[in-house]
1. Checking the a/c ratio against 1.5 first, then a/b against b/c, what shape does the Cα gyration tensor give for the chain?
2. Taking the alpha carbon gyration tensor of segment 210-275, what are the square roots of 5 times its eigenvalues, largest first, to the nearest whole Å?
3. Work out the FRET efficiency for Phe136 and Ser263 from their Cβ-Cβ distance, taking R0 = 45 Å, and round it to the nearest 0.05.
4. Whole angstrom only: what separates the Cα centroid of segment 212-264 from the Cα centroid of segment 152-206?
5. What FRET efficiency comes out for the pair Tyr114/Tyr244, r = Cβ-Cβ distance, R0 = 30 Å, nearest 0.05?
6. Hey, what angle do you get for helix 247-261 against the long axis of the chain, alpha-carbon based, 0 to 90 degrees rounded to 10?
7. State the cysteines of the chain left without a partner when partners are defined as other cysteines whose beta carbon lies under 4.7 Å away.
8. Sorted by mean Cβ packing within 10 Å, highest first, what order do the peptides 29-42, 192-205 take?
Amino acid sequence: MDVTFYGVRGSTPCDCREQERYGGNTSCVALEAPGETPIIFDLGTGLRYFGTGQPTDGTFTGAVLLSHLHWDHVQGLPFFVPIDRPGARLDVYGPEQEDGPLGEVFTGIMRPPYFPVTPYELRGSIDFHDCGDSEFEIDGRRITSRWVRHNGPTLGYRVDWNGHSVAYIPDHGPGTVPDDADDHVPRRIHELCDGVDLLIHDAQYSIEEYEQKRHFGHCTIQYAVHVARECGVRTLALFHHDPYHDDATLDELLGVARSAAGSSVEVIAAHEGLVISFASSAHAEIPSAAAQAAGGGVRG
Ligand SMILES: [Zn+2]
Ligand SMILES: [Zn+2]
């Protein structure tokens, strides 16, 4: 199973020389194994690059675990060519909404005059599935979804397969609930993260930035490390990088996170093209995150 990062940026896509090493596309991470349905975390602008490696002859099938409906997590769908082919199929699991079924609410942001067609007018078929605190299976892989603290209904996910596990919590805002201390790790976060091999977690702010933006629904690098330590995570991938952080700043923040983590958690900063591979057998030794630059199609 390969975990490939196609978009790692939070809030809004960016494109400039100072950010090209980490990349400017918004949230999209794919879990892929030969012969299995790919699982895609979020539909940010990175989805277009995932699409360049997928079949465009109508045979594409995939499952999306959508965290929430903010722009930076949905804007890639209109440009995902593999689903615009007769016969292609995409199942989108995402947070249930107060205003109606997920598919209906999603169509509210992808329809004229905002975009020429709705999801249902793409030539493949898209099915939306409403989730909350849920457990379900995709192709034999166990999926856990839990509500997490952010602005608006937002889910985090955990995927367990073959003795390996990945948790994905791209947007997570400690302090957004008045009674929660900034270092509180909710029960639901434990349920998602306890003992996972890889945690992909919001790491948007330094402490100074967080003090100015504590109600934006994001957290500090230090909080991401705190969650990883509390939950016994093996590798933490800092994710949802702030659009105002250039490559040099992210290098510095990674250093801060590594000092905070000590030897208990391996910390990496996600960048476009990063691939983390897990051995396919449950009996194989669980790898330390074998990070390597991906070839072709993705900016690394
Ligand atoms: Zn976001
Ligand atoms: Zn958000």
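Each value in this text was obtained by applying a stated rule to the coordinates, not by laboratory testing. Note that this is a predicted model, so its numbers are computed, not measured. FYI the Cβ positions are ideal-geometry reconstructions off the backbone, even for glycines, and counts take in every protein chain you see.
1. Values: a/c = 1.39, a/b = 1.26, b/c = 1.10.
Rounded shape, in that the Cα axes give a/c under 1.5.
2. Numbers: eigenvalues 69, 50, 24 Å².
Semi-axes from the Cα gyration tensor: 19, 16, 11 Å.
3. Details: r = 36 Å, r/R0 = 0.80.
Once rounded, the FRET efficiency stands at 0.80.
4. First find each Cα centre; the distance between them is then 12 Å.
5. Working: r = 26 Å, r/R0 = 0.87.
The pair Tyr114/Tyr244 has a calculated efficiency of 0.70.
6. The two axes meet at around 60 degrees.
7. Cys14, Cys16, Cys28, Cys131, Cys219
8. 192-205, 29-42
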